[in-house]
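K.L.:
Following this message is one structure expressed as C-alpha coordinates.
The values are calculated or read from the model by the stated rules, or taken from the named source; none is laboratory data. Here the structure is a predicted model, which is why all the values come from computation and not from measurement. Cβ sites come from the backbone with ideal geometry, for glycine too, and all protein chains shown count toward neighbours. For accessibility, only protein heavy atoms count, side chains too; no ligands or nucleic acids. Shrake-Rupley method; radii C 1.70, N 1.55, O 1.52, S 1.80 Å.
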Amino acid sequence: MIEQIHNILIMRRILIAIIVFISAINLSAQRKFDPNKFRMEIHQYIVTSANLTEQESAKLLPIYDEMINKQRLLHKKLHKLQDSNLQNNAKAKNIILQIDNLHIQIKQIEKTYHLKMLRVISAIKLAEVLKAERYFHKQYFRNAAQKR
(Lines give C-alpha, C1' and ligand atoms only; values in the text may rest on other atoms or scores of the structure.)
Protein backbone atom coordinates (compact mmCIF):
# COMPACT_ATOMS: atom_id res chain seq x y z
CA MET A 1 0.00 0.00 0.00
CA ILE A 2 2.74 2.48 0.95
CA GLU A 3 4.65 1.51 -2.17
CA GLN A 4 1.59 2.30 -4.35
CA ILE A 5 1.21 5.73 -2.72
CA HIS A 6 4.90 6.37 -3.25
CA ASN A 7 4.60 5.39 -6.94
CA ILE A 8 1.56 7.64 -7.36
CA LEU A 9 3.47 10.57 -5.85
CA ILE A 10 6.43 9.94 -8.15
CA MET A 11 4.13 9.73 -11.18
CA ARG A 12 2.39 12.93 -10.11
CA ARG A 13 5.75 14.74 -9.79
CA ILE A 14 6.85 13.50 -13.21
CA LEU A 15 3.56 14.64 -14.73
CA ILE A 16 3.89 18.10 -13.14
CA ALA A 17 7.49 18.37 -14.39
CA ILE A 18 6.37 17.47 -17.93
CA ILE A 19 3.55 20.04 -17.83
CA VAL A 20 5.92 22.75 -16.57
CA PHE A 21 8.48 21.85 -19.23
CA ILE A 22 5.90 21.96 -22.06
CA SER A 23 4.50 25.26 -20.76
CA ALA A 24 7.99 26.79 -20.65
CA ILE A 25 8.67 25.71 -24.23
CA ASN A 26 5.32 27.12 -25.34
CA LEU A 27 5.95 30.46 -23.62
CA SER A 28 9.44 30.66 -25.05
CA ALA A 29 8.15 30.08 -28.56
CA GLN A 30 5.48 32.75 -28.14
CA ARG A 31 7.93 35.41 -26.97
CA LYS A 32 10.47 34.92 -29.73
CA PHE A 33 11.05 38.19 -31.57
CA ASP A 34 10.76 37.97 -35.34
CA PRO A 35 12.49 41.02 -36.88
CA ASN A 36 10.96 40.43 -40.33
CA LYS A 37 7.47 40.25 -38.87
CA PHE A 38 8.14 43.39 -36.84
CA ARG A 39 9.41 45.24 -39.94
CA MET A 40 6.37 44.21 -41.97
CA GLU A 41 3.98 45.23 -39.19
CA ILE A 42 5.56 48.65 -38.72
CA HIS A 43 5.61 49.21 -42.49
CA GLN A 44 1.94 48.37 -42.73
CA TYR A 45 1.09 50.57 -39.76
CA ILE A 46 3.08 53.53 -41.11
CA VAL A 47 1.61 53.25 -44.62
CA THR A 48 -1.93 53.02 -43.27
CA SER A 49 -1.61 55.70 -40.56
CA ALA A 50 0.14 58.24 -42.77
CA ASN A 51 -2.13 57.48 -45.76
CA LEU A 52 0.84 56.83 -48.04
CA THR A 53 0.22 55.94 -51.66
CA GLU A 54 1.90 52.91 -53.20
CA GLN A 55 4.38 55.19 -54.95
CA GLU A 56 5.17 57.10 -51.74
CA SER A 57 5.63 53.94 -49.70
CA ALA A 58 7.77 52.35 -52.44
CA LYS A 59 10.12 55.34 -52.27
CA LEU A 60 9.99 55.98 -48.54
CA LEU A 61 10.26 52.54 -46.94
CA PRO A 62 13.69 51.62 -48.37
CA ILE A 63 15.07 54.93 -47.05
CA TYR A 64 13.37 54.30 -43.71
CA ASP A 65 14.80 50.77 -43.48
CA GLU A 66 18.29 52.00 -44.35
CA MET A 67 18.06 54.59 -41.56
CA ILE A 68 16.85 52.01 -39.05
CA ASN A 69 19.63 49.58 -39.99
CA LYS A 70 22.33 52.22 -39.50
CA GLN A 71 20.83 53.28 -36.20
CA ARG A 72 20.51 49.68 -35.04
CA LEU A 73 24.27 49.18 -35.37
CA LEU A 74 24.87 52.19 -33.14
CA HIS A 75 22.22 51.05 -30.66
CA LYS A 76 24.03 47.72 -30.32
CA LYS A 77 27.26 49.56 -29.49
CA LEU A 78 25.32 51.79 -27.10
CA HIS A 79 23.83 48.85 -25.19
CA LYS A 80 27.21 47.15 -25.02
CA LEU A 81 28.74 50.28 -23.50
CA GLN A 82 25.83 50.72 -21.08
CA ASP A 83 26.43 47.19 -19.82
CA SER A 84 30.15 47.84 -19.36
CA ASN A 85 31.88 47.05 -16.13
CA LEU A 86 32.89 50.38 -14.59
CA GLN A 87 36.16 49.64 -12.86
CA ASN A 88 37.30 53.17 -12.13
CA ASN A 89 36.36 56.81 -12.52
CA ALA A 90 38.40 57.37 -15.69
CA LYS A 91 36.83 54.40 -17.45
CA ALA A 92 33.35 55.49 -16.37
CA LYS A 93 33.96 58.98 -17.75
CA ASN A 94 35.21 57.55 -21.04
CA ILE A 95 32.15 55.33 -21.38
CA ILE A 96 29.78 58.22 -20.60
CA LEU A 97 31.41 60.33 -23.33
CA GLN A 98 31.26 57.44 -25.82
CA ILE A 99 27.57 56.95 -25.04
CA ASP A 100 26.94 60.67 -25.55
CA ASN A 101 28.72 60.52 -28.92
CA LEU A 102 26.66 57.53 -30.00
CA HIS A 103 23.44 59.36 -29.12
CA ILE A 104 24.61 62.31 -31.22
CA GLN A 105 25.50 60.01 -34.14
CA ILE A 106 22.06 58.36 -33.95
CA LYS A 107 20.38 61.77 -34.12
CA GLN A 108 22.64 62.85 -37.00
CA ILE A 109 21.65 59.75 -38.95
CA GLU A 110 18.01 60.50 -38.21
CA LYS A 111 18.37 64.09 -39.44
CA THR A 112 20.20 63.01 -42.62
CA TYR A 113 17.55 60.44 -43.45
CA HIS A 114 14.68 62.78 -42.64
CA LEU A 115 16.10 65.13 -45.25
CA LYS A 116 16.23 62.24 -47.74
CA MET A 117 12.64 61.31 -46.89
CA LEU A 118 11.52 64.90 -47.45
CA ARG A 119 12.67 64.55 -51.05
CA VAL A 120 10.12 61.76 -51.63
CA ILE A 121 7.16 62.79 -49.45
CA SER A 122 5.80 66.04 -48.06
CA ALA A 123 6.73 67.34 -44.62
CA ILE A 124 3.15 66.80 -43.43
CA LYS A 125 3.26 63.15 -44.50
CA LEU A 126 6.71 62.67 -42.95
CA ALA A 127 5.39 64.12 -39.68
CA GLU A 128 2.55 61.60 -39.85
CA VAL A 129 5.04 58.79 -40.55
CA LEU A 130 7.14 59.76 -37.53
CA LYS A 131 4.03 60.03 -35.35
CA ALA A 132 2.87 56.59 -36.54
CA GLU A 133 6.32 55.13 -35.84
CA ARG A 134 6.33 56.49 -32.28
CA TYR A 135 2.81 55.24 -31.61
CA PHE A 136 3.59 51.80 -33.08
CA HIS A 137 6.67 51.39 -30.86
CA LYS A 138 4.75 52.57 -27.81
CA GLN A 139 1.93 50.09 -28.43
CA TYR A 140 4.27 47.25 -29.38
CA PHE A 141 6.33 47.52 -26.21
CA ARG A 142 3.25 48.04 -24.05
CA ASN A 143 1.78 44.83 -25.47
CA ALA A 144 5.07 42.98 -25.03
CA ALA A 145 5.25 44.08 -21.38
CA GLN A 146 1.69 42.87 -20.74
CA LYS A 147 2.51 39.42 -22.17
CA ARG A 148 5.28 38.88 -19.64
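K.L.:
Going through segment 117-130 one residue at a time, which ones are within 18 Å of ILE42 (Cβ to Cβ) and assigned to a helix (DSSP H, G or I)?
P.N.:
MET117, LYS125, LEU126, ALA127, GLU128, VAL129, LEU130
K.L.:
Right, here's the next one. In segment 116-134, how many are open to solvent by 80 Å² or more (accessible area, probe 1.4 Å) and over 18 Å from PRO35 (Cα atoms)?
P.N.:
The total comes to 3.
K.L.:
Out of all the residues in segment 24-46, is one or more more than 15 Å from the chain's Cα centre (by Cα), open to solvent by less than 70 Å² (accessible area, probe 1.4 Å), at pLDDT below 95 and more than 26 Å from ARG142 (Cβ to Cβ)?
P.N.:
The answer is no, given that none of the residues of segment 24-46 is more than 15 Å from the chain's Cα centre (by Cα), open to solvent by less than 70 Å² (accessible area, probe 1.4 Å), at pLDDT below 95 and more than 26 Å from ARG142 (Cβ to Cβ).
K.L.:
Surrounded by fewer than 11 Cβ atoms within 10 Å (Cβ to Cβ) and among the hydrophobic types (A, V, I, L, M, F, W, C) - does that describe any residue in segment 69-90?
P.N.:
Yes, segment 69-90 contains at least one residue that is surrounded by fewer than 11 Cβ atoms within 10 Å (Cβ to Cβ) and among the hydrophobic types (A, V, I, L, M, F, W, C).
K.L.:
Follow-up. For segment 47-65, enumerate the residues that are over 14 Å from LYS125 (Cα atoms) and crowded, with 16+ Cβ neighbours inside 10 Å.
P.N.:
Passing the criteria: only ILE63.
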